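Trainee: Once you've had a glance at the structure underneath, I'll fire off some questions.
The values are calculated or read from the model by the stated rules, or taken from the named source; none is laboratory data. Being a predicted model, the structure only gives us computed values, none of them experimental. For neighbour counting, all protein chains shown are included, and Cβ atoms are generated from backbone atoms with ideal geometry for every residue, glycine included.
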Amino acid sequence: MSAAMPSVSRRLLARLRDVMAGGGTAEERLGKVVMLIAADMVAEVCSCYVMRAGEVLELFATEGLKKQAVHNTRLRVGEGLVGDVAAHARPLALADAQSHPNFAYRPETGEEIFHSLMGVPIIRGGRVIGVLVVQNRSMRHYTDEEIETLETVAMVLAELVASGELVNRDELVPVDGNALLPLRLEGIRLNAGVGIGVAVLHQPRVAIRRLVAEDPDTEMERLKSALAGIRDALDELFSRPEMRDGEHRDVLETYRMFTEDKGWLGRIGEAIRTGLTAEAAVQKVHEDMRARMSQISDPYLRERMHDFEDLANRLLQRLSGGDASPRGELPADAILVARTMGPMDLFDYDPKRLRGLVLEEGSPTMHVAIVARALDIPVVGRCKEVLDKVEALDPVIVDGDNAQVFLRPSEDIRDIFAEALSRRELRVAGYAKLKDLPAVTRDGVSVSLMMNAGLLLDLQHLDESGADGIGLYRTELPFMARSSLPDVTAQTVLYRKIMDQAAGKPVVFRTLDVGGDKVLPYWNPYEEDNPALGWRSIRITLDRPAVMRHQLRALLRAAAGRELRVMFPMIAEVAELVEARRILDLEIEHERDRDHPQPTAIKVGTMLEVPALAFQLDALLPRVDFVSIGSNDMAQFLFAVDRGNPRISERYDPLAPAMLTFLCGVAAKCDAAGVPLSVCGEMAGRPLEAMALIACGVRTLSLASPAMGPVKTMIRSLEVAPVRAYLDGLLHGPDRSLRNKLKCFALDHGVVL
């Protein structure tokens, strides 16, 4: 930016401030504003288009075009150059606008004599609410500094456009006409569970009252002071006992790094030097980033935007003189409703009063979802337009199990869920009594129940659930919670803590399983048409063996003097297992050469998720100590169905004859070879599916801790021989699913589901 540019911008901003604070109607003030901009930027034309209902941009004021065009010229979003700016939320600068393929001529404007055009979006709340345009007769090449100036002016102008004086607010923020009616909204499950309560709207937006600064140096000091205050608040949070360990701490460590992001802070500094106050500069940079990021499909970049949004809101609250976490008295049963949230936001609320969280955006890998899982809060994400449909203190039910949200539910719906919660509490109390009883069927078949885990906080459920051990520890979560690859030392400390807390019970560590929908921030994601079938899991770590070697080295060191169980994910052919085992052997030799203490025993297993591997069982089984079927991916690949696609994810039932025949065949092969077989996908945690798995010959199930009680109850009420005989008679039939028949069998034979 040139040295002269900030003074020009500050002079213009000061004049705009005087006009906007003056008398007259909003439209009269807007007319004076476009005159000022045209004169200051040496442009023959300055026009302001405002978004109307139906995504139509209407010309509201102009200096230089024909006056009869005002309120008569309208462009749809995406139509013409003005519509292009609105559609993409980004500036456009053209020396010869009429040669652009998107140019749309409107004869009533008289703009045919103007050749060059520069347009910028007017943004408020992350939405484009208008477009500001300047034009010149000559073929003028607009500079980056001029674009920056016009963007700054557009931000100031956004306050007038969004005030409701020009256009009714309802046109700028669409509201469902049936907002007061009961509604059921669909989303995606970010954390299971059910919560009943009243809506608390998480809307940390701050109204900025002072936009134009008198002294940029003073504003820079205010910014630095606000950032220091946020860092101090993080330090205080880190000092709490519950924040000493775990991936949720790693999440906030990563969040702290955003407070030192040089690129983001540099853009705010540039905006301050143009004449904006610190809070206006933060708002400008954030609105611009948010609008641009909405055009990006990359999941990691979009999720990191949530953290920047949280940080921007906290800065604005501090700069405006308020507390960085201003929360009123929280209702006893609060359901938080937000467009999105940063991870630190959740700690502003009393977790004892939180019953659920509803987000308009979100994915299972976003930071706030990881923190919510650690706090055991039901979460439904991607609940479209929920903020437009809910009012503060509206009754809300969050059904995380089925990814549904009920707004203002009818009395009968509330009664159904309240009764279900009461029954769940009674069942949980009953399950607690089973904790120390064995999972043995009525005809004497013993089943080992192991627990799935992925966070240190999960380990607290190991004893209370009565699990025999950890059948699947997902090691990728610590990798996803950090901003850089954890080194051997950090991994060793974590894995040692896991084994210590397991207190002698076995722990099966699945090596790094990322890719697809699990993106690491420090690896550039590769754009793939079908990531579920792409470069993921063992394919990544075999291509990047240093990552696998470091993880295996950390596991070996953590398990010194104890048994180590390692499981490799998504093995598609025996050759991949052989290569993974070779890398493990290299690390074993590496540790021996340095006289490091060794594990007492090392057991190596594989996930069976790719059907192709089942056709190599004869070659596979002599090379492994155990096999674990990942039923989620196995069903996905067996039926060629994308489980992330809501249109077909429920099309095929895992209790279909094809799936159960496959499972019976694998179980028989493993049993004949004397290789233990387990199932660790969602099938293992559902009583009916678990009954079918046991009938197929599976004797180890690994499941989430809340499912332990229901599955153990089912097992202790089951006789295996009759259900196996019944299942054998069904496997060769034409049924799409055996679910109803198996459910009826359970009912008839006293099996508790």
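Trainee: Given the options 722, 706, name the one that is over 29 Å from residue 673 (Cα atoms) and assigned to a helix (DSSP H, G or I). Outline the logic, then answer.
Mentor: Working: 722 fails: over 29 Å from residue 673 (Cα atoms).
Within the list 722, 706, the selection yields 706.
Trainee: Something else: Against the conditions (1) within 30 Å of residue 222 (Cα to Cα); (2) modelled with pLDDT under 85, where does residue 375 fall short? Just the number, please.
Mentor: In the conditions (1) within 30 Å of residue 222 (Cα to Cα); (2) modelled with pLDDT under 85, residue 375 misses (1) alone.
Trainee: List every residue pair whose Cβ atoms lie under 7 Å apart, where the two residues are 6 or more positions apart in sequence or sit on different chains, the first residue falls within the stretch 75-86 and is over 10 Å from residue 131 (Cα atoms), and the second residue, located anywhere, is acidic (Asp, Glu) and in a helix (DSSP H, G or I).
Mentor: 78/84
Trainee: Assess whether residue 179 counts as being at pLDDT below 85 and crowded, with 18+ Cβ neighbours inside 10 Å. Spell out the reasoning first.
Mentor: Details: at pLDDT below 85: yes; crowded, with 18+ Cβ neighbours inside 10 Å: no.
Here the answer is no, as residue 179 does not meet what is asked.
Trainee: Another question, then. Do we find that residue 695 is small (Gly, Ala, Ser), farther than 27 Å from residue 430 by Cα and in a helix (DSSP H, G or I) in this structure? Explain how you work it out, then say what you get.
Mentor: Numbers: small (Gly, Ala, Ser): yes; farther than 27 Å from residue 430 by Cα: no; in a helix (DSSP H, G or I): yes.
Considered against the rule, which asks whether it is small (Gly, Ala, Ser), farther than 27 Å from residue 430 by Cα and in a helix (DSSP H, G or I), residue 695 comes out as no.
Trainee: Separate question: Among the residues that make up the stretch 301-308, is at least one of them modelled with pLDDT under 80, part of a loop (DSSP other than H, G, I, E, B), closer than 30 Å to residue 491 by Cα and touching a helix residue (DSSP H, G or I) at 6+ places or on another chain (Cβ under 8 Å)? Write out each step before concluding.
Mentor: Residues of the stretch 301-308 that are modelled with pLDDT under 80, as a first pass: 301-308.
Narrowing further to those that are part of a loop (DSSP other than H, G, I, E, B): none.
Checking the stretch 301-308: not a single residue is modelled with pLDDT under 80, part of a loop (DSSP other than H, G, I, E, B), closer than 30 Å to residue 491 by Cα and touching a helix residue (DSSP H, G or I) at 6+ places or on another chain (Cβ under 8 Å).
Trainee: Here's a follow-up. Just to be sure, is residue 218 modelled with pLDDT under 80, in a helix (DSSP H, G or I) and of a type in the set (S, T, N, Q)?
Mentor: No; evaluated as a whole, the condition is false for this residue.
Trainee: Mind listing just one residue for me: the one in the stretch 590-636 that is modelled with pLDDT of 95 or more and hydroxyl-bearing (Ser, Thr, Tyr) and, of those, nearest to residue 556 (Cα to Cα)?
Mentor: 600
Trainee: Just to confirm my filter: which strands (runs of 3 or more DSSP E) fall fully inside the stretch 340-448 and include at least 2 residues that are more than 18 Å from the chain's Cα centre (by Cα)? It would help to see each step written out before you state the result.
Mentor: Working: elements: 354-359, 379-381, 395-399, 404-407.
Because the criterion is at least 2 residues that are more than 18 Å from the chain's Cα centre (by Cα), the strands (runs of 3 or more DSSP E) in the stretch 340-448 that meet it are 354-359, 395-399, 404-407.
Trainee: Now for a different question. Can you confirm whether the stretch 656-668 contains a residue that is buried (at least 20 other Cβ atoms within 10 Å of the Cβ) and in a loop (DSSP other than H, G, I, E, B)?
Mentor: no
Trainee: One residue is enough: does the stretch 674-682 have a residue meeting the conditions in a helix (DSSP H, G or I), in contact (Cβ under 8 Å) with a residue 40 or more places away in the chain and within 35 Å of the chain's Cα centre (by Cα)?
Mentor: Yes, some residue in the stretch 674-682 is in a helix (DSSP H, G or I), in contact (Cβ under 8 Å) with a residue 40 or more places away in the chain and within 35 Å of the chain's Cα centre (by Cα).
Trainee: Can you go through 33, 77, 56 and tell me which one is at pLDDT below 95, within 18 Å of residue 122 (Cα to Cα), β-branched (Val, Ile, Thr) and in contact with an Asp or Glu (Cβ under 6 Å, 6 or more places away or on another chain)?
Mentor: Just one listed residue meets the conditions, 77.
Trainee: For the stretch 234-257, does any single residue satisfy the condition of being at pLDDT 80 or above and charged (D, E, K, R)? If you could, list the steps in order and put the result at the bottom.
Mentor: Going residue by residue through the stretch 234-257, those that are at pLDDT 80 or above are none.
No, the stretch 234-257 contains no residue that is at pLDDT 80 or above and charged (D, E, K, R).
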